[in-house]
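Everything on this sheet refers to the single structure shown next.
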Amino acid sequence: METEGGGEARITVRHTGRYAEFMEESCCSKFMGPNPSLARFVYGLIFLATNLLAWAVRDYGRTALSDLKRLKGCKGARDCLGTEGVLRISFGCFIFFFTMFLTTVGSRKLNEPRDSWHCGWWPAKIILWIATMTLPFVVPSAFIHLYGEIAHFGAGIFLVIQLISVVSFITWLNDCCYSERYANRCRLQFLILSVAAYFTSILGIVLMYIWYAPKPSCKLNIFFITWTLVLIQVMTFISVHSMIKAGFLAPGLMGMYLVFMCWCAVRSEPRTEICNKKADDATKSDWLTITSFVIALLAIVIATFSAGVDSRSFQFKKKQTQSEDDVPYGYGFFHFVFAMGAMYFGMLFIGWNMHHTMKNRWTMDVGWTSTWVRIVNEWLAACFYIWMLVVPLIWKNGWRPEST
């Protein structure tokens, strides 16, 4: 009997050991255990869920929130409830990610307490998220209005981070394509891609003239579109100059980015019968408008996510080597970008104006304030790209401020 019992025990231990070994090597262990790569996607889903909640509060929450007497202090009657509700959700999201920023900033190594907090403790963080989403609805309206004013500044910080990240990625891609490793093997492919990007930008300019500047009286739109075309030509000229030699790919991709920003700007203009032929389509809740809204919502999340993991573009001192136990991205910077992104989506949902009410559902980032924010962001992106091209030449020539 003892022999049989000992054999059963050995079999049990053997099965237990195999199960433990399987769990260590399986995807389940990677999902349940600390995983910085997976954690950033979970935070992205939390941010997406918060955006959806803000949209639901804005467009469908008036009935559900009308019983809360505390919200009735909002100026502008019940139409202002949607705007204030968005700001409350935005404030809750900001509290959540700013708390994560304060508790993870300065993380350097894996398997330290801040790394475990960033990558794990999901039940606690879900409870924290629910609490931060609830807390703003008991805050007085005057404080929410103050947050709305501060959110303009935070959203501006996010836009600067985003454009630096985009321009840095384009220049990195351009340098990678023209490196010795790929230049000779893929020269034809890069040439085709560069030409396609440049002509796509020109095509976008032509379409914007047709859709948003159909008459000579549309002077503002003509100025926006024409200046975008001028910026594309200036960037291309500087990029291919004999002293720069950056090629056609980067200005082509930057041209597409500027055209996209200009399109977003003129599309954000209030409804006019003269200059905006697409205004009637934007006010209808058809499948195209809904699809555009969903794409814009996903674009917010993707832009925040991509900028958050791009902490290396904002390092003044580049680290030469990275050890295996270093964190793959800056946790503090990641959560800071998401905190600024919370202010950014709040501004988009209310059109950058706390006294502006979205009259139509499935709309986002509409109003003259939104237009000028997009235009200024486009101009800053072009200036930053030109600066990145010129500054190495200035440093190479030994320019110093005191020599001027």
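The values are calculated or read from the model by the stated rules, or taken from the named source; none is laboratory data. Because the structure is a prediction, the values reported are computed rather than measured. Glycine gets a Cβ as well: all are built from the backbone with ideal geometry, and neighbour counts include every protein chain shown. Each accessible area value is taken on the protein alone, full model and side chains, heavy atoms only, with ligands, DNA and RNA left out. Shrake-Rupley method; radii C 1.70, N 1.55, O 1.52, S 1.80 Å.
Which residue is nearest to I46 (Cα to Cα), if the candidates are limited to region 124-140 and must be surrounded by 15 or more Cβ atoms within 10 Å (Cβ to Cβ) and modelled with pLDDT of 85 or more? Of everything passing the filter in region 124-140, W129 is nearest to I46 (Cα to Cα). Comparison of W352, W368 shows that the only residue that is at pLDDT below 85, closer than 25 Å to V259 by Cβ and open to solvent by less than 50 Å² (accessible area, probe 1.4 Å) is W352.
Taking region 182-232 as the search range and keeping residues that are among the aromatic types (F, W, Y), touching a helix residue (DSSP H, G or I) at 6+ places or on another chain (Cβ under 9 Å) and part of a helix (DSSP H, G or I), which one is surrounded by the most Cβ atoms within 10 Å (Cβ to Cβ)? Once the filter is applied, the top-ranked residue is Y212.
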